[in-house]
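Worksheet: the structure to be examined is printed underneath.
The values are calculated or read from the model by the stated rules, or taken from the named source; none is laboratory data. From a predicted model like this one, the values you see are computed outputs, not experimental measurements. Counting neighbours? That spans all protein chains shown, and the Cβs are built from the backbone with ideal geometry, glycine included. In case anyone asks, the SASA skips ligands and DNA or RNA and just uses the protein heavy atoms, side chains included. Shrake-Rupley method; radii C 1.70, N 1.55, O 1.52, S 1.80 Å.
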Amino acid sequence: MLTPVTDADGAPFWRYAAQGELRVQACADCGEPRFPPRPCCPHCRSFASEWRLTSGRGRIWSYVVPHPPLLPDYAALAPYNVILVELAEAPRIRMVGNLVSGPGAPIDSVSPDRVRIGARVQVVFDGAGLPQWILERP
């Protein structure tokens, strides 16, 4: 399976995720949250930043269901879902992940026909600190 590529700007995100926390980078001057992490605020041009803890709640903004042909490790799990989650505290921030049945569950653990745009979700983390999502009301 593919693993995230970590750069200097995104490294804190993955450190917090490994601890079970979903944090987003925010401008320390104007307060605007941003994702993906980057060195400069696109709103006020400040280079000052901080990492804010979120509730980990959001809603499914969009999704796809990949089908073969895929990379070999993923083809065996297809069809599975890939969701785009709009964070509750920062609606302009959207994160990609999978809707799963529980922390660390395989990406095909929720049937694609259960995925609905607008469904409320909560972040969970697999054993490696990768954010995944579960339905708030299964």
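Structure above, values below:
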quantity	calculated
Leading residue by the ranking (surrounded by the fewest Cβ atoms within 10 Å (Cβ to Cβ)) among those in the stretch 17-53 that are polar (S, T, N, Q) and more than 21 Å from G129 (Cα to Cα)	S46
Residue list for the stretch 1-16, restricted to those being acidic (D, E) and open to solvent by less than 70 Å² (accessible area, probe 1.4 Å)	D9
Residue check, R38 over 15 Å from the mean Cα position of the chain (by Cα), touching a residue at least 24 places away in the same chain (Cβ under 8 Å) and over 25 Å from A105 (Cα atoms)	yes
Within the stretch 109-129, tally of residues that are assigned to a loop (DSSP other than H, G, I, E, B) and either surrounded by fewer than 16 Cβ atoms within 10 Å (Cβ to Cβ) or at pLDDT 95 or above (or both)	10
Residue selected from the stretch 86-108 under the condition closer than 27 Å to E32 by Cα and over 12 Å from the mean Cα position of the chain (by Cα), by the criterion most open to solvent (accessible area, probe 1.4 Å)	R92
Evaluation of Y80 against (1) under 20 Å from I117 (Cβ atoms); (2) open to solvent by 30 Å² or more (accessible area, probe 1.4 Å); (3) of a type in the set (S, T, Y) (one fails), failing number	(2)
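For (1) at positive phi; (2) assigned to a loop (DSSP other than H, G, I, E, B), each residue gets a yes or a no:
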position	(1), (2)
I60	no, no
P68	no, yes
Y74	no, no
L77	no, yes
Y80	no, yes
G104	yes, yes
